[in-house]
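Chemist: Here it is, the structure, as structure tokens.
Values quoted throughout were computed directly from the atomic coordinates according to the rules given, and no laboratory measurement underlies them. Fair warning: this is a prediction, and the values are worked out from it, not measured in the lab. Backbone-built Cβ (ideal geometry, glycine too); neighbour counts: all protein chains shown.
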Amino acid sequence: SAYLNVVGRPCSVVNLDPANDDLRYDCAVDVAELVALEEVMEQLELGPNGGLVYCLEFLAKNAAWLVGKLSEDGGPLDAKAKKDDYLLIDCPGQVELFTHNSALKGILQLLADKLDLRLVVVHLVDYHHCTDAATYISASMLSLSTMLQLELPHINVLSKIDNMERYGTLAFHKEFYS
């Protein structure tokens, strides 16, 4: 969002991560208003993984809340909003939510259908997964599995490249991974 704002492309951020209790960005919609991971874990005696699955399934069942928040007066998609604004949706990092569970897929499909959104997934792959062949292949397969599960255009981004010295060197030049 900071980058888009710097280059003059208006955007709004939606936080769909119920575990994110340290928002470092302004967000137009925060799922924690509907369901928060800590409360779910405490009330249902679930661990973090089960709690996240529950939260996303709860959001999927109450997706009308999200559609309403996005399209309400003053919301990022109200009638006055520009059609060319970007909507960034910050999702939890829990792998199972993208590969083995249909809640997130259903939420994204509903947003695309109800709000006429054109969606693309940006999958962040930590740089250190590319320093070892086995973890690189695993990360690539995870990206493919996510792409197949969500059925959306997909862009993989090598992240945390600025921390290269912490994890060692890449087996190939950076261009190989792109």
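Chemist: I'd like to verify something in the chain: which complete DSSP H helices, judged by Cα projection on the helix axis, reach 15 Å or more and average at least 0.5 on the Kyte-Doolittle scale?
Modeler: Working: long enough: 48-61 (20 Å, 0.58); 103-115 (17 Å, 0.92); 133-150 (26 Å, 1.08).
Result, helices passing both filters: 48-61, 103-115, 133-150.
Chemist: Assuming a ≥ b ≥ c are the square roots of the Cα gyration tensor eigenvalues, decide whether the range 1-80 counts as rounded (a/c under 1.5), prolate (otherwise, with a/b larger than b/c) or oblate.
Modeler: On the way: a/c = 3.27, a/b = 1.70, b/c = 1.92.
Since a/c reaches 1.5 but b/c is at least a/b, the shape of the range 1-80 is classed as oblate.
Chemist: Would you calculate the separation in nanometres between label points at Ser1 and Arg24, each defined as 7 Å from the Cα along the Cα-to-beta-carbon direction?
Modeler: In this crude label model, Ser1 to Arg24 measures out at 1.3 nm.
Chemist: Label points 7 Å out from Cα along the Cβ direction at Leu148 and Glu96: separation in nm?
Modeler: 2.0 nm
Chemist: Quick one: how many lysine pairs in the chain have C-alpha atoms under 25 angstrom apart, if they're 8 or more apart or on different chains?
Modeler: Summing the qualifying lysine pairs gives 14.
Chemist: Now, a different point. All other residues with a Cβ under 12 Å from the Cβ of Glu57 taken together, and with Lys, Arg as +1 and Asp, Glu as -1, what is their net charge?
Modeler: Working: positive: Lys61, Lys105; negative: Glu96.
Computed value for this residue: +1.
Chemist: If you don't mind, another one. Sequence-distant or interchain residues sharing an amide H contact under 5 Å with Val121, placed H: which?
Modeler: Amide H neighbours of Val121: His154, Ile155.
Chemist: So who's got an amide H within less than 5 Å of the one on Cys11, skipping anything under 5 residues away but keeping other chains? H placed 1.01 Å off N, in plane.
Modeler: Here the answer is Tyr86, since their amide H atoms fall under 5 Å of that of Cys11.
Chemist: How big is the charge dipole of the chain about its Cα centre, in debye rounded to the nearest 20, if each Lys and Arg gets +1 on its Cβ and each Asp and Glu gets -1 on its Cβ?
Modeler: On the way: 13 positive and 26 negative charges, 144 e Å.
In debye, rounded to 20, the chain gives about 700.
Chemist: Go ahead and estimate [θ] at 222 nm for the chain from helices alone: -39,500 (n - 2.57) per DSSP H run with n ≥ 4, summed, over the residue count, rounded to 500. Working shown, then result.
Modeler: On the way: 9 runs with 79 residues, N = 178.
Per the formula, -12500 deg cm²/dmol.
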